[in-house]
Amino acid sequence: MQTYHTPLDLVRERSPERPVAFARPGVVAVAARWFQDSFQGDVFYAVKANPSPWVIETLAANGVASFDVASIPEIELVAEHAPGSRMAFMHPVKSRRAIAQAYFDHGVKTFSFDTHEELQKIIEATGNADDLSLIVRLGVSAEGAAYSLSGKFGVDSHHAPALLLAARRATQDRMGVSFHVGSQCMRPTAFQAAMAQANRAILRAGVMVDVVDVGGGFPSVYPGMVPPDLSDYVDSIHRGFAEMSVHKDTELWAEPGRALVAEASSVLTKVELRKGDALYLNDGSYGSLFDAAHSKWPFPVKLYRGEDGAGEEVEGPLKPFRFYGPTCDSIDHMPGPFWLPEDVREGDYIEIGMLGAYGIAMNTRFNGFGDAETVAVSDAPMASMYGLAGRHIRLPREQQQEERKVVRLSRPKGAAGKKGRRR
Ligand SMILES: *Cc1c(COP(=O)(O)O)cnc(C)c1O
């Protein structure tokens with residue numbers, strides 16, 4: 001991977017035709033360390049949030065030794081980039097072949113399920129293995145989360161005790177419970193409440209569990225969504241765990257996805273055309289901007305001017321813009337508002353921040369687009385849960401005017417290497 005000091009250095013050195021994803025491994029490292037220092041349990045990275053090899057490798061190099069996977073390709077990815085790490089197959093619905101391959105070819109022993117039928121599949125596909133860690137996925141309330149992950153999966157409280165009992169009988173090894181409070185959970189106490197719910201199911205079943213897996217849901221910062229400190233979340237989990245009727249060796253697990261990677265990536269897009277307040281970009285809802293289109297998240301943005309002239313920074317009054325992506329589909333629309341200097345024009349570059357989770361990961365090749373390159377940078381993210389940048393992305397126009405700058409760029413005349421600080 002090529003390395004630049006900042007996104008601006010890349011724009012100065014070469015005007016990229018295609019979108020560029022910026023990787024900030026240092027930011028992933030800080031997040032990984034924070035979870036290990038703060039969370040009193042095992043951290044499984046939920047690979048789906050961002051399956052980039054540099055993410056897997058950086059996490060593994062910074063002590064994350066466990067991964068939450070949902071498919072054979074994810075398992076192969078982790079096996080390649082974090083060899084020897086532990087994997088948990090936490091998709092509650094798997095094909096028999098995927099279960100067998102995971103168990104026999106990759107040594108995966110932890111499986112989750114939310115029905116008796118899936119439990120039976122796991123037992124049969126592993127040849128009645130007696131060394132399985134069987135995790136019952138419980139449905140819990142998703143209040144306070146931007147995305148519910150309970151609508152599709154999770155056994156309801158009425159049927160949970162019987163499934164817990166069946167799981168307990170099916171393994172000599174670990175049996176446990178898991179849930180997901182919903183992604184981008186804005187309320188720390190949601191974890192404690194879900195754990196109380198899990199505890200009631202355990203008591204009604206009359207079983208002992210060896211694992212309490214609190215899933216993901218740890219938030220990041222987006223405009224209009226500034227969550228409480230992450231330490232409030234782990235405190236809520238630790239309190240919830242202390243209140244559960246579990247034995248002294250019961251393990252506490254978490255599966256953060258978003259919080260480990262969201263702030264570590266941004267994407268550089270190019271303005272292909274301006275029509276009033278609509279900017280037509282070379283990345284969109286079929287690329288890295290799924291949430292900007294489908295959830296209307298107004299991601300933070302920075303503008304870089306790619307034109308001849310002096311390389312000075314210019315402040316400009318801001319105006320709200322909306323984006324269109326490069327495909328011919330009218331769904332490819334990101335309403336924003338994205339606050340940019342009012343003179344934004346064709347040929348400018350817009351860096352869209354906080355796309356490390358469920359951004360880069362969502363890229364498709366629809367309509368011939370989506371072929372982004374990745375380069376490493378070492379500047380600060382646009383916002384941070386870990387004190388790496390300002391915590392707040394302020395929305396009111398007056399405040400944004402203080403923060404945002406247009407950067408006028410000169411095309412480097414034969415001095416690209418010096419300016420670009422490329423290694
Ligand atoms: C998606 C998912 C996660 C990660 O969720 P985040 O909200 O990104 O932390 C964790 N566990 C399971 C089972 C998931 O499906």
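Values quoted throughout were computed directly from the atomic coordinates according to the rules given, and no laboratory measurement underlies them. Here the structure is a predicted model, which means the values were calculated and not measured. Because the Cβ atoms are built from the backbone with ideal geometry, glycine has one as well, and the counts that use them run over all protein chains shown.
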Identify, among 179, 106, 386, the residue whose Cα sits farthest towards the positive end of the charge dipole of the chain, taking +1 on the Cβ of Lys and Arg and -1 on the Cβ of Asp and Glu, with the dipole about the Cα centre.
386
Candidate aspartates and glutamates - alpha carbon under 12 Å from residue 270, same-chain residues fewer than 8 apart omitted
17, 283, 346, 348, 351
Be a star and scan the stretch 166-199 for residues whose amide nitrogen sits under 18 Å from the point 7 Å along the Cα-to-Cβ vector of residue 116.
166-171
Partner aspartates and glutamates whose C-alpha sits under 15 Å from that of residue 152, ignoring same-chain residues fewer than 8 away, are 114, 118
Set the Förster distance to 25 Å, then compute FRET efficiency between residue 245 and residue 186 from the Cβ-Cβ distance, nearest 0.05.
0.30
With label points set 7 Å from each Cα along the Cα-to-Cβ direction at residue 57 and residue 229, the distance between them in nm comes to 3.5
Output the antiparallel fraction of DSSP beta bridges having both residues in the chain, as a percent to the nearest 5.
40
Helical mean residue ellipticity (222 nm; -39500 (n - 2.57) per DSSP H run of 4+; nearest 500) of the chain
-8000 deg cm²/dmol
Multiply the residue gap between residue 130 and residue 86 by 0.36 nm, knock off their C-alpha separation, and tell me the result in nm, one decimal place.
14.1 nm
Choose one of 347, 234, 116: the residue whose Cα lies farthest towards the positive end of the charge dipole of the chain (beta-carbon charges +1 Lys, Arg; -1 Asp, Glu; about the Cα centre).
347
Given points 7 Å out from each Cα along the Cα-Cβ axis, report the residue 105 to residue 330 separation in nanometres with one decimal.
4.4
Expressed as a rounded percentage, what relative contact order does the chain have, with Cα pairs under 8 Å and six or more residues apart?
22
Rounded to the nearest 10, the angle in degrees between the Cα long axis of helix 189-205 and the longest principal axis of the Cα atoms of the chain comes to 20
Rounded to the nearest 10, the angle in degrees between the Cα long axis of helix 25-38 and the longest principal axis of the Cα atoms of the chain comes to 30
Would you mind getting me the FRET efficiency between residue 96 and residue 342? Use the beta-carbon distance for r and R0 = 60 Å, nearest 0.05.
0.55
What is the Cα coordinate range of the stretch 25-261 on the first, second and third principal axes, sorted by size from largest, in whole angstrom?
46, 39, 32
Calculate the dipole size of the stretch 25-261 relative to its Cα centre from +1 charges on Lys and Arg beta carbons and -1 charges on Asp and Glu beta carbons; express the result in debye to the nearest 20.
420
